[in-house]
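Read the structure below first, then the notes.
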C-alpha cells in the first residue's frame with residue numbers, strides 16, 4: 001500500500017523546534033540586495049528570513065520537492081522582514097530572474113514572496129507555467145486561499161491550502177469555470193498577485209450563546225447543526241456543547257475561521273452523506289469524496305457531540321490532499337469495514353502508537369487553570385511544567401505544549417520526557433521526521449529501558465522511508481523494531497512490523513522468516529499469511 005503523510009491541508013504544520021537542535025538549513029543574515037542577487041542555497045526551496053514559518057519550514061521543503069518531482073515545476077517560498085524601501089513587484093521579478101527559478105525546466109517556476117513589515121505578498125509565475133497558473137487562477141488564490149488565512153493569522157495554513165490548489169490546478173482538477181464560479185468575477189491584476197494583503201491580523205472571536213449550538217439527539221442532527229454553524233460562521237466551537245470538552249479546548253487555542261473559510265467548508269461538506277453508528281460512537285462519511293474526510297462523533301450525557309480531537313489524530317491526508325485513516329486502534333474503526341472505505345486504511349496499525357500520557361482525564365479547563373496557577377507561583381517547578389505540557393499534548397494543543405517542553409529541557413536536560421513529547425509532536429503533528437528523529441533518539445539514549453522509545457524511532461524511520469523510498473531507511477526501522485520487540489515481548493506485533501520493513505527493503509528472505517515466526521505464535525494471523533503469499537508470488541515470478 002502506498003505510504004502517505006499529511007502534508008498540505010488538515011492539521012499538519014511541520015516544525016523545526018527546540019533550543020538544543022539547529023534548523024536543518026541555516027539562513028544567512030538578511031540583506032535584501034545580497035539575497036536578490038543570487039540564490040543563497042542550491043538545494044533549498046524555503047527561505048524564511050522574516051521567521052514567519054517557524055512551524056512549517058521542514059515540511060514545506062519536503063512539499064516543494066514533491067511538487068517539483070511530480071509536476072516538473074520549481075516553486076520557492078521566501079519571506080523577508082521588509083522591502084528596504086523597494087517595490088515588491090520589482091523585488092519579486094528581479095529575484096525570480098537572478099535565482100533562475102524554473103529556468104532548467106523551460107521557465108516552469110513559481111515564486112511566493114512575503115514581506116512582513118509592509119504586509120505584502122507577491123506570487124511570480126514563469127512564462128513556462130503561465131498557461132496553467134493563469135491570471136484567473138492567481139486571482140482565485142489571492143482571494144479564496146491566501147487572504148482569508150492571513151487575515152486570521154494563519155500563514156502556515158494559508159500556504160498549505162495554497163499548495164493544495166496548485167496541485168489541483170497542475171492535475172487539471174480545478175478548471176477555469178470552477179474558478180469563475182467561486183470567484184464570482186474577481187480577478188488578479190496580471191500574471192501574479194499584485195494586491196496588498198494584510199498578514200497576521202487577528203479577528204475577534206465571537207462568543208455565541210449556548211442554546212444555538214448544543215449537543216444533539218442524533219448523529220444526523222449533529223452534522224446538520226454543524227453545517228448550520230459553518231454557514232453562519234458563528235465560531236461557537238470553543239463555547240458549545242455541540243463539541244466534546246477536548247474539542248472545545250482544541251478550538252479555543254485556534255484562530256477563528258474567516259467567513260470565506262467557513263463558506264468553503266460549508267460548500268464542500270454539503271453533499272450526500274451516510275452515518276455509521278455503533279454504541280456511543282458514530283462517523284459521518286461522504287461516499288465518493290476523496291478530500292472531504294469523515295466526521296467523528298461521540299455520545300455523552302449532553303447528547304451527540306463532535307469529536308474533533310479524534311478526527312485530528314486519525315484522519316490524515318496524503319500528498320494529493322486525499323484523506324485516509326491512519327490506523328485502526330480507536331473506537332471509530334468499525335465505520336470503515338466495507339470495500340469503499342476499507343481501502344482508505346493505510347498500513348494497518350503503524351499509526352497506532354498515539355499515547356495518552358497525562359493522568360488527567362476530564363474537567364480539563366479547571367485542571368489547566370490549576371496547573372497554570374502553580375506555575376505562576378513557582379515558574380521552575382519541573383513536575384508542574386511537565387504535567388501541563390502532557391495535558392496540552394494529549395489535547396492536541398502543540399503550540400502550548402512546545403514552549404513548556406523547551407523550558408523543561410533547559411531546566412532538566414537529562415530528563416527524557418521532554419524529548420519524547422517533542423519528538424512525537426514533530427512526527428505526528430508537524431510531520432517533521434528529521435527533527436523528530438533527533439529528539440526520539442535522545443529519548444532512547446536517556447530512557448534505554450522503555451521499549452516504546454525504540455518503537456517511536458522505528459515508526460519515524462518508516463515514514464521517512466515512505467517518502468524517500470530508501471531501503472536502508474527501512475532497515476533502520478527494522479533494527480529499532482527488533483529492539484522494541486526484544487524489550488517489550490510484544491512478539492506478534494513486533495515480528496509483523498519487522499517483516500513488513502524488511503519486505504519494503506527488498507529483503508524477502510528476512511521478511512519471510514519473521515512472518516513465519518508470527519504464524520508459529522498465531523497460526524491464523526491474516527496479515528502474516530497475506531504477506532507470505534506476496535513473497536511467494538514474487539519468488540515465483542523471479543524463477
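The values are calculated or read from the model by the stated rules, or taken from the named source; none is laboratory data. On a predicted model such as this, the values are computed, not experimentally measured, just so you know. Note that we place each Cβ from the backbone using ideal geometry, even for glycine, and neighbour counts take in every protein chain shown.
Quick notes on this one:
- Residue 490 surrounded by fewer than 18 Cβ atoms within 10 Å (Cβ to Cβ) and in contact (Cβ under 8 Å) with a residue 12 or more places away in the chain: yes
- Boolean, residue 414 is more than 27 Å from residue 160 (Cβ to Cβ), at pLDDT 95 or above and surrounded by fewer than 15 Cβ atoms within 10 Å (Cβ to Cβ): yes
- Of the listed requirements (1) modelled with pLDDT of 90 or more; (2) under 25 Å from the mean Cα position of the chain (by Cα); (3) surrounded by 15 or more Cβ atoms within 10 Å (Cβ to Cβ), residue 72 misses just one: (3).
- Number of the condition not met by residue 453 [criteria: (1) buried (at least 22 other Cβ atoms within 10 Å of the Cβ); (2) more than 24 Å from residue 423 (Cβ to Cβ)]: (2)
- Filtered by the rule that a residue be out of contact with any strand residue (DSSP E or B) (no Cβ under 9 Å at 6 or more places or on another chain), part of a helix (DSSP H, G or I) and farther than 24 Å from residue 140 by Cα, the stretch 249-279 gives 249, 252.
- Qualifying residue in the stretch 427-438 (condition: surrounded by fewer than 17 Cβ atoms within 10 Å (Cβ to Cβ) and within 23 Å of residue 317 (Cβ to Cβ)): yes
- Index of the failed condition, residue 237 passing every other in (1) surrounded by fewer than 17 Cβ atoms within 10 Å (Cβ to Cβ); (2) modelled with pLDDT under 90; (3) touching a helix residue (DSSP H, G or I) at 6+ places or on another chain (Cβ under 9 Å): (1)
- Residue check for residue 42: modelled with pLDDT of 50 or more, touching a strand residue (DSSP E or B) at 6+ places or on another chain (Cβ under 7 Å) and either within 21 Å of residue 99 (Cα to Cα) or not in a loop (DSSP other than H, G, I, E, B) (or both): no
- Residue in the stretch 13-31 that is modelled with pLDDT of 50 or more and not in a loop (DSSP other than H, G, I, E, B) present: no
- Of the helices (runs of 4 or more DSSP H) lying entirely inside the stretch 75-161, those containing at least 1 residues that are crowded, with 23+ Cβ neighbours inside 10 Å and at pLDDT 90 or above span 88-98.
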